[in-house]
Amino acid sequence: MRKIEDIRRDINAIDHEILKLFLKRMKCAEEVSDYKMANGGQVLVPSRETELLDTMLKDIPDELKLEYSSLLRTTTRVSRKHQYFRMLEAEPERLKLDIQPRISDPKMVYYGGLPASYQDMACSELFPNAQKRPMESWEDVFRAVVNGEADAGVVPVENSTAGTVNEIYDLLQQYGLYISHSHVKVIRHCIAGCKGASLDSIKEVYSHPQALRQCQNYIKKHAYTPFEESNTAVAANKIAQLGDPTKAAICSEAAAKLYGLEILETGVNDGDYNQTRFIAVQRALSAQPEDTRVSLVLTLPHVVGSLYGSLAVFADYGLNMTEIHSRPLPDMPWNYCFYIDFDGNLLNQDTRALIYQLTQECAYVRVLGSYPVSQEEGTK
């Protein structure tokens, strides 16, 4: 048996030879991209890659076919990445994005719920100078922005305990709006009842479904029966109007005080670091130098490895994905679209090249926004 030092020496020598061949291959990729810019043609030609795999795998032992296939697929993928980047750098018009000026200080902003809801507070933190207007539902917020009644709308998209608010992503697609800002807010729930209520007198608790999920262990511990409301502040207002000591709201302390409720216990959410990410939506896609996050939605061709290949592209460009989730396509059972957030900026060439590659290789791609992410003091 050889010494490990000798084996590693040989591996280093082999890796240096691979490096030389890799540089030669990338040089050929550059020539291919130059040819296609001059003569037309797609970077990704599936039949060519299939032919290459079939040819190269003929001389590989069966026990190494999968390993070599993986290596070859990675090599062809990064070759395509190199071509896309060069082509977009030479011809920026290849990526068609209608980027418009951002409304950074909107005059009128809509949000879902009632005053003293978490959305109301997030709205004030994002746009302290704006006139705010509460709406009954999130869809009402989107509709108002589309119709021009509001310059922006503020809605929640994700909670650190309860997860993604899927309805918001569906509305982004349905109404064609774009994310312009994002804000992470600390969520501190309390349980509040009418005058005379106590923790022992309560039988039922009312709140938004997400808030109920964020407090589900607390609710089970006290054997309360949960009931859903459209908003935490709506729940607080309802409890105030009912005046029933057996019913309570899970809401913010601000909502409890505004609607005249007695705060019976604070910090009732299950997680110590309960946070919600809110977004502002506007009519136009925008980009500013201070943006740190990009969101998009895509669908994939029905090809083996298409999801892996598309996700690997983010790493090829050195871009970090921060969130991914799927949603079913309404008219195509068991088919899905994928919503992806990643660290980037639409003004950066790496981000633009990534999006250009995805538009060429995925069945559908829509950029949902380029935006800054702010955090309330106390978030992590």
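Listing for the model above:
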item: DSSP bridge orientation in the chain - percent antiparallel, rounded to nearest 5; result: 70
item: Three semi-axes of the equivalent ellipsoid, the range 279-380, Cα gyration tensor, whole Å, largest first; result: 24, 16, 13
item: Entries of Lys96/Lys132; Lys24/Lys58; Lys221/Lys257; Lys81/Lys107 with Cα pairs more than 32 Å apart; result: Lys96/Lys132; Lys81/Lys107
item: Listed residues Gln216, Leu172, Phe85: farthest to the positive end of the dipole of the chain (Cβ charges); result: Phe85
item: Electrostatic dipole magnitude of the chain [Cβ: Lys, Arg +1; Asp, Glu -1; Cα centre; debye, to 20]; result: 220
item: Where the chain is the region considered: accessible area per residue in Å², 1.4 Å probe; result: 51
item: Loop sites in the range 1-59: trypsin sites (Lys or Arg not before Pro), DSSP, at most 15 other Cβ within 10 Å; result: Arg2, Lys3
item: Chain lengthening between Leu19 and Met332 when straightened (0.36 nm per residue, less Cα-Cα); result: 108.2 nm
item: Span-rule helices in the chain, defined as complete DSSP H runs reaching 30 Å or more along the axis (Cα) with Kyte mean at least -1.0; result: 4-39, 65-90
item: Within the accessible area of the chain (1.4 Å probe), percent carbon and sulfur; result: 53
item: Of the GluC sites (Glu not before Pro) in the range 92-180, those whose Cβ has at most 15 other Cβ within 10 Å and which sit in DSSP loop; result: Glu136, Glu149
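The values are calculated or read from the model by the stated rules, or taken from the named source; none is laboratory data. Note that the structure is a prediction, hence the values are computed from the model and not measured. Using ideal geometry, Cβ is built from the backbone for each residue, glycine included, and neighbour counts are taken over all protein chains shown. Heads up: the accessible areas ignore ligands, DNA and RNA and are worked out on the full protein's heavy atoms, side chains in. Shrake-Rupley method; radii C 1.70, N 1.55, O 1.52, S 1.80 Å.
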